[in-house]
Amino acid sequence: MVRNTADCTLKEISPLSAIDISDNRALSEVLLPTPPLAIPKKSVRTTLRASTLDGVFATFFGSVTTGVLLTNFLLELGATSVEIGLLSSIPMFVNLLQPLGAYLGDRTTSRHWYSLFIFGSSRLLWVILLVLMAGVNDSPSEHHQLLIWTLGVVFVTHVLGSLGSASWFSWMAALVPRQLRGRYFGVRNSAANLMNLICVPLMGWGVSSWKGGAIQGYGIVLSLGIVAGLLSLVFQWFMRDVNPQAPIPESSCVSRGDSNELATRWFKDTNFLIFLLYFGTWTFAVNLSTPFYSLYMLDNLHLDVSLVTLYSSLTAGANLLMLMVWGKLADRIGNRPILLSVGILVAVTPIFWLATGANPASVWIGLPLIHVLRGSTWAAIDLSMHNMQMSVAPLRNQAGYFAIAAAITGVSGALGTTAGGFLAQIPSLGGLAGLFALSAVLRLLALLPLVFVREHRSQPLIHAWREVKLAFGLSFNRVRKNDLLLGFRPQTVLIQAVGLANRLK
């Protein structure tokens, strides 16, 4: 059975024929065999497998130290909406340090050792919180002190993370061949979301049902998360190291978007500036409401944390199923058409929350459907956004461009969450309901600059829509019923990750 699944997967991701390429101008660049660096194919295969496993265990760590589990932990300690907004804004504010991180990372001779030092230190810091949780009692004063310590640990770990993010992103951009970026990151993210789908509901149930209380229960899952986070770093040993100071070989197949200008000249790159305008305003509009969805369900609707984590698993499941579809589609039509079309649906999603309540219809139908929609659409947004950053940034000094984008969007995202925290406490604006409506309007406005961004391999929306219908038609018309059910099995995702690496010839 596993062998049949692997065969279907390898057939599914096989290169298109010359006829397919000639009929599709967007594919002519993507399918050219132009790896960013001259690295042996066997080494790239091993790197892609290791990177997938790294992402799986890092996702487990991230699901414990961010998201609904951490939000519920802070609510148990008595956190307010302002403190929840501060929690969400911390990782965005510290993105201002990403240019410094890119500078430091480019001055080293090893991406691997720099990443190991930065992310290893940031994950070990959570051990401090475990020690503090062991001695806390039920007094409000100690709960408040633990709350402050938690925010402090979150701040320091995200400062370290911001110093390593641009370097890691540039590392992956150098290792993953252009012709496989959409499909590979789709499969990698699907494998990571599979971990979310399985583990987050179990951890939520464990926290809510732990006999020692939710705080002690969170301490148990935090210890497991720390182990998983350190294990993810072990798999990075099997990834090909890159020396950022080594010269980049010239290639005639480099796309027109790749230039030799210095990263310090980014402010003269009009196309990159327009992309930053879109990215920054979009991030502000999204973060105005997104961090408060969990607060809305836990505090306003008074839902149990186990039910909220179940909703999160629905989001992860939908994300898991759609990522590979969006990845293939992005390789065919480009990233900009997906960001524009799917972005409209993401923009109006906050309005759907206004129709929900604590009634059974919302709990068992409305909220699950919203989370499925969120997972399906954000699979396209996240994947296309990261790939488009690689597309608009020059080949040389990519880490500097990635850091500038992260810094600007980090500030705008932090301002969004901070503003959302204060606006949610103003009764005249309608509380969280008014905040959701305002976010929807700003998201639609944020899409306007994206119309003027140039991505050389993207297709016009009319042609892209034809490819969308073709892609989804092939996905559902050419697959037999038994094969479709087989493709949804969990082991298929990891098999596709291995199969995709083996296609590098």
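The values are calculated or read from the model by the stated rules, or taken from the named source; none is laboratory data. These numbers were taken from a predicted model, which means no experiment stands behind them. Cβ: placed from backbone, ideal geometry, glycine included. Neighbour counts: every protein chain shown. Note: accessible area is taken over every heavy atom of the protein model, side chains too, but ligands, DNA and RNA are not part of it. Shrake-Rupley method; radii C 1.70, N 1.55, O 1.52, S 1.80 Å.
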**Report entry** Filtered residues of segment 44-65 (kept if more than 18 Å from the chain's Cα centre (by Cα) and open to solvent by 30 Å² or more (accessible area, probe 1.4 Å))
**Finding:** R45, T46, R49
Query raised in the report: Has segment 441-454 got any residue that is in contact with a helix residue (DSSP H, G or I) (Cβ under 9 Å, 6 or more places away or on another chain), of a type in the set (D, E, K, R) and at pLDDT 65 or above?
Result: yes
Report summary line: Exactly one of V68, V30, V82 is aliphatic (A, V, I, L, M) and either at pLDDT 85 or above or open to solvent by 40 Å² or more (accessible area, probe 1.4 Å) (or both), and that one is V82
Query raised in the report: Within segment 216-224, can one find any residue that is open to solvent by 20 Å² or more (accessible area, probe 1.4 Å), among the small types (G, A, S) and over 25 Å from the mean Cα position of the chain (by Cα)?
Result: no
Report task. Among the candidates L321, L273, single out the residue that is modelled with pLDDT under 85, open to solvent by 10 Å² or more (accessible area, probe 1.4 Å) and assigned to a helix (DSSP H, G or I). Result -> L321
Report summary line: Picking from L124, L97, L132, L116, the residue that is out of contact with any Phe, Trp or Tyr (no Cβ under 6 Å at 6 or more places or on another chain) and more than 16 Å from H158 (Cβ to Cβ) would be L116
Report summary line: Taking first residues from segment 315-336 that are free of Cβ contacts under 8 Å to residues at least 60 places away in the same chain and second residues anywhere that are open to solvent by less than 10 Å² (accessible area, probe 1.4 Å) and not charged (D, E, K, R), the pairs with Cβ under 6 Å that are 6 or more apart or on different chains are M322/A379
Query raised in the report: Which is under 19 Å from the mean Cα position of the chain (by Cα) and either without any contact (Cβ under 8 Å) to a residue 12 or more places away in the chain or surrounded by fewer than 23 Cβ atoms within 10 Å (Cβ to Cβ) (or both), of I365, I426, I404, I351?
Result: I404
Query - Among the candidates T418, T409, residue that is part of a helix (DSSP H, G or I), closer than 20 Å to S81 by Cβ and among the polar types (S, T, N, Q) - result: T418
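Here's the yes/no breakdown for (1) open to solvent by 20 Å² or more (accessible area, probe 1.4 Å); (2) within 17 Å of the chain's Cα centre (by Cα); (3) among the acidic types (D, E):
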site	(1), (2), (3)
W149	yes, no, no
F155	yes, no, no
G182	no, yes, no
R188	yes, yes, no
N193	yes, yes, no
I198	yes, no, no
A214	yes, no, no
Query raised in the report: Within the group S208, S162, which residue is buried (at least 16 other Cβ atoms within 10 Å of the Cβ), of a type in the set (S, T, Y) and either under 15 Å from H386 (Cα atoms) or modelled with pLDDT of 85 or more (or both)?
Result: S162
**Report entry** Hits in segment 277-294 (condition: open to solvent by 10 Å² or more (accessible area, probe 1.4 Å) and aliphatic (A, V, I, L, M))
**Finding:** L277, V286
Query raised in the report: Does L307 satisfy the condition of being under 24 Å from S81 (Cα atoms), part of a loop (DSSP other than H, G, I, E, B) and modelled with pLDDT of 85 or more?
Result: no
Report task. Just one of (1) farther than 25 Å from I84 by Cα; (2) not in a helix (DSSP H, G or I) trips up Q389, so point out which. Result -> (2)
